[in-house]
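Undergrad: Structure incoming, see below.
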C-alpha cells in the first residue's frame, strides 16, 4: 500500500501495483518492483551476504571520512557514500576462516576525485595520543583542505583530523587514549573549495604507546675537588620507544 503526501498529483511512498515510490536525499523517486525474488541460500550466496553485511558495517564505522572523501563522487553517481565505499573496495574485502571480515588496509579507499593528492612524508609522535603528519605541497591550491583519518580495527572506531590548509604542510591529529597499544591505520586526502576530493593516500600503520612521566631520582656524589660553591647537575632523557636512560653529569 502507498501513502499519498498531500494530493492525488503529489509524490507518494509505498507500492502501487508494480511501482514503488520512495524518497532519496530529498527527492521523490519511482522504481519498478521485481516480479520474482530469487533466494537460493546456497553456501556461496550465504557467504556473499555475510561479506556484504560486514562491509556495510565497516562503511558505517568510517562514515566520518566518507562524508568528506566520497561525497562529491557519490552525488554524481546517485549513490550514498557508504554504498560507493563498498563498491570501490570490494576487491579489498574477504572472509577469513572464521567468517569474519578481512581487509586489505593498505588498498582501502576512503576518498576519490581529481584533486591533487598530498604526498605524506612522515609521522611525528609528540605524545602517545598526539600526532603531527607532514606532507609536501606539490600540486593543487594552497587553500585546499588536507585531512588525515585514523581507524582502529580492534575497537571499530575512527577519528578524522581537523582540516589543515595545503600550504601549512602538516596536520595535527589527536588519538583516543584507549587506542594505546592497538593497531591504527592512517589515511590522507585533500578537498578543494568546491568539495571535490583527491584519491586516498595510505600513510601507514602504528601502535600508540603509553607515555610515562620521568622518574624522580636523588643522586649523591663526593666532594673530592673543586670549590664548595660549584654547581653540579645530572641530565638525562628517554626516547619515545622506551630505551634505557642515559645520564651525563655536568659541574
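The values are calculated or read from the model by the stated rules, or taken from the named source; none is laboratory data. Everything quoted here is computed from the prediction, not taken from an experiment. Cβ coordinates were reconstructed from backbone atoms using ideal geometry, including for glycine residues, and neighbour counts include every protein chain displayed.
Undergrad: Looking at region 197-219, is at least one residue in contact with a helix residue (DSSP H, G or I) (Cβ under 6 Å, 6 or more places away or on another chain), surrounded by 14 or more Cβ atoms within 10 Å (Cβ to Cβ), modelled with pLDDT under 95 and in a loop (DSSP other than H, G, I, E, B)?
TA: Yes, region 197-219 contains at least one residue that is in contact with a helix residue (DSSP H, G or I) (Cβ under 6 Å, 6 or more places away or on another chain), surrounded by 14 or more Cβ atoms within 10 Å (Cβ to Cβ), modelled with pLDDT under 95 and in a loop (DSSP other than H, G, I, E, B).
Undergrad: Okay, next question. With respect to residue 154, is the statement that it is under 27 Å from residue 104 (Cβ atoms) and surrounded by fewer than 16 Cβ atoms within 10 Å (Cβ to Cβ) true?
TA: yes
Undergrad: Would you list the helices (runs of 4 or more DSSP H) that sit entirely within region 23-104 and hold 3 or more residues that are modelled with pLDDT of 90 or more, assigned by TED's automatic domain parsing to the domain that holds residue 192 and in contact with a strand residue (DSSP E or B) (Cβ under 9 Å, 6 or more places away or on another chain)?
TA: Per the criteria, 43-61, 63-69, 71-76.
Undergrad: How many residues are surrounded by fewer than 17 Cβ atoms within 10 Å (Cβ to Cβ) and more than 30 Å from residue 182 (Cβ to Cβ) when one looks only at region 113-139?
TA: Selection size over region 113-139: 3.
Undergrad: Still on this structure: I'd like to know if region 121-143 contains one or more residues that are closer than 20 Å to residue 70 by Cα, under 15 Å from the mean Cα position of the chain (by Cα) and in the same structural domain as residue 71 (by TED's automatic domain parsing).
TA: no
Undergrad: Conditions: (1) touching a residue at least 40 places away in the same chain (Cβ under 8 Å); (2) surrounded by 18 or more Cβ atoms within 10 Å (Cβ to Cβ); (3) closer than 21 Å to residue 160 by Cβ. Residue 105 meets all but one. Number of the miss?
TA: Here residue 105 clears every test but (2).
Undergrad: Are any residues in region 59-76 out of contact with any helix residue (DSSP H, G or I) (no Cβ under 8 Å at 6 or more places or on another chain), surrounded by 15 or more Cβ atoms within 10 Å (Cβ to Cβ) and more than 12 Å from residue 147 (Cβ to Cβ), and if so, which ones?
TA: Once the filter is applied, which keeps residues that are out of contact with any helix residue (DSSP H, G or I) (no Cβ under 8 Å at 6 or more places or on another chain), surrounded by 15 or more Cβ atoms within 10 Å (Cβ to Cβ) and more than 12 Å from residue 147 (Cβ to Cβ), region 59-76 yields 61, 72.
Undergrad: Does residue 148 satisfy being closer than 26 Å to residue 121 by Cα, assigned by TED's automatic domain parsing to the domain that holds residue 57, modelled with pLDDT of 95 or more and out of contact with any helix residue (DSSP H, G or I) (no Cβ under 8 Å at 6 or more places or on another chain)? Working first, answer last.
TA: Values: closer than 26 Å to residue 121 by Cα: yes; assigned by TED's automatic domain parsing to the domain that holds residue 57: yes; modelled with pLDDT of 95 or more: yes; out of contact with any helix residue (DSSP H, G or I) (no Cβ under 8 Å at 6 or more places or on another chain): yes.
Against the criterion (closer than 26 Å to residue 121 by Cα, assigned by TED's automatic domain parsing to the domain that holds residue 57, modelled with pLDDT of 95 or more and out of contact with any helix residue (DSSP H, G or I) (no Cβ under 8 Å at 6 or more places or on another chain)), residue 148 qualifies.
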